[in-house]
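Student: Just passing along the structure, written as structure tokens.
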Amino acid sequence: MAAGVGRGRNAPIIEGVDSTGNHNMGNTGLLRDYQTYLRVEKGLRPLTCEAYLSDLRTFAEFIEKRNGVLMMAVQEDLTAFLEHLRAHGIDSRSAARKLSCLRGFYKWLLLDRRIHHDPTVNMESPKAWKVLPKSLAEPEVAEMLERAQMAATHPQAQATALRDRAILELLYAGGLRVSEVTALGTSDLALDAGRVQVRGKGDKERIVPLGRSAVEALEHYLREGRPHLDRISTAHGRRIQRKDGARLFLSLRGMPLTRQWVWHLVKMATGNASPHMLRHSCATHMVEHGADLRSVQLLLGHADISTTQIYTHLALGRLKAVHRMHHPRGMRKVEEMEPGESPESSASNAEMKEPQEEPA
């Protein structure tokens with residue numbers, strides 16, 4: 001049994017790092033080097049780097065209790081670590097995130113020739129990590145956006161109502177992350193071309209196309225909402241710093257919106273959803289309507305197609321329906337079709353009726 005597994009459920013997973021200097025200096029120096037790599041070479045944001053380092057510190061403290069160090073870790077250490085997390089009630093999704101962090105860390109050590117073998121190479125991720133993220137049904141999204149539109153098009157609509165509708169339309173239409181929305185500037189928009197330039201993880205840029213509803217909502221906000229919010233900032237003498245002077249979405253005080261505020265907006269609009277759920281809803285609904293995974297990957301800004309493959313089972317349902325209708329050994333007989341139904345329409349109907357049972 002892994003060290004510490006037998007302790008009570010309310011006990012901390014790993015005791016805090018000893019700030020007096022007892023913490024293994026080899027691990028500390030290694031983590032410092034990796035943090036520099038993440039910031040400088042990978043270009044990750046400070047909060048993202050800190051999240052990775054937090055997971056690595058947890059593992060470093062665990063392995064020290066086994067009289068080991070990070071560079072000497074073997075697969076048995078990582079297996080014991082995952083079991084340790086499970087015993088302390090850590091859900092499989094969080095454990096999988098920590099394992100993903102360790103994969104990146106040991107891949108860096110291997111490429112930097114600090115180790116000769118990656119201990120994570122043959123490890124399997126927790127099965128629940130690959131379940132399809134929660135998403136809203138299309139009618140739920142439509143109802144949410146209709147309410148936002150009604151508030152924004154009311155004769156006495158306020159600037160905040162125009163802004164809120166634009167944010168909700170943008171989250172769903174482009175599948176943007178909440179951090180990407182709050183970082184947008186007015187210069188990132190190209191509404192005449194129906195697109196927006198987004199800076200994602202690692203400051204990687206991508207072009208995201210927008211539908212007509214999202215474009216109209218943004219145009220309405222830029223024309224009648226944002227100027228009012230910007231004037232409020234000027235009137236109160238709180239001119240936003242130059243770097244934020246052209247932020248797209250502003251608060252009632254004329255300041256750039258925070259991620260926490262956007263989370264609150266979405267929750268108030270849908271009851272129990274989140275900005276990330278709207279992002280998954282965008283991807284899910286696209287795949288259900290026939291989009292290929294490569295296109296969804298580009299839209300969402302996933303660095304690896306494996307991240308997008310959580311939506312595979314949705315695409316498989318459509319693929320089976322198309323195969324059934326068009327393969328010589330899979331086509332339905334003409335007499336099986338309903339009166340007035342053509343082969344083309346029956347294929348479409350089959351896609352809509354196909355149960356989504358395949359695992360991701």
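Student: So, of the residues in segment 119-168 that are more than 17 Å from GLU219 (Cβ to Cβ) and acidic (Asp, Glu), which turns out to be modelled with the lowest pLDDT?
Tutor: Among them, the one singled out is GLU124.
Student: Something else about it: Take the residues in segment 183-216 that are basic (Lys, Arg) and without any contact (Cβ under 8 Å) to a residue 24 or more places away in the chain; name whichever of them is farthest from ALA173 (Cα to Cα).
Tutor: ARG199
Student: Here is a follow-up. Where residues in segment 300-330 are of a type in the set (A, V, I, L, M) and touching a helix residue (DSSP H, G or I) at 6+ places or on another chain (Cβ under 7 Å), which of them is modelled with the highest pLDDT?
Tutor: The selected residue is LEU300.
Student: Looking at (1) buried (at least 21 other Cβ atoms within 10 Å of the Cβ); (2) not in a loop (DSSP other than H, G, I, E, B), which is the one condition that is false for SER187?
Tutor: (1)
Student: Would segment 134-150 turn up any residue that is assigned by TED's automatic domain parsing to the domain that holds LEU257 and under 25 Å from MET255 (Cβ atoms)?
Tutor: Within segment 134-150 (the criterion being assigned by TED's automatic domain parsing to the domain that holds LEU257 and under 25 Å from MET255 (Cβ atoms)), the answer is yes, since at least one residue qualifies.
Conditions (1) of a type outside the set (A, V, I, L, M); (2) modelled with pLDDT under 90, marked per residue:
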residue	(1), (2)
ALA3	no, yes
THR20	yes, yes
GLU50	yes, no
ASP55	yes, no
ASN67	yes, yes
ALA96	no, yes
LEU99	no, no
ARG103	yes, no
LEU111	no, no
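Student: Of everything in segment 295-311, what is within 13 Å of the chain's Cα centre (by Cα), more than 21 Å from LEU210 (Cβ to Cβ) and touching a residue at least 40 places away in the same chain (Cβ under 8 Å)? Give them in sequence order.
Tutor: Correct list: ALA303, ILE310.
The values are calculated or read from the model by the stated rules, or taken from the named source; none is laboratory data. All values derive from a computational prediction rather than experimental measurement. Positions of Cβ are generated from backbone atoms using ideal geometry, with glycine treated the same way; all protein chains shown enter the neighbour counts.
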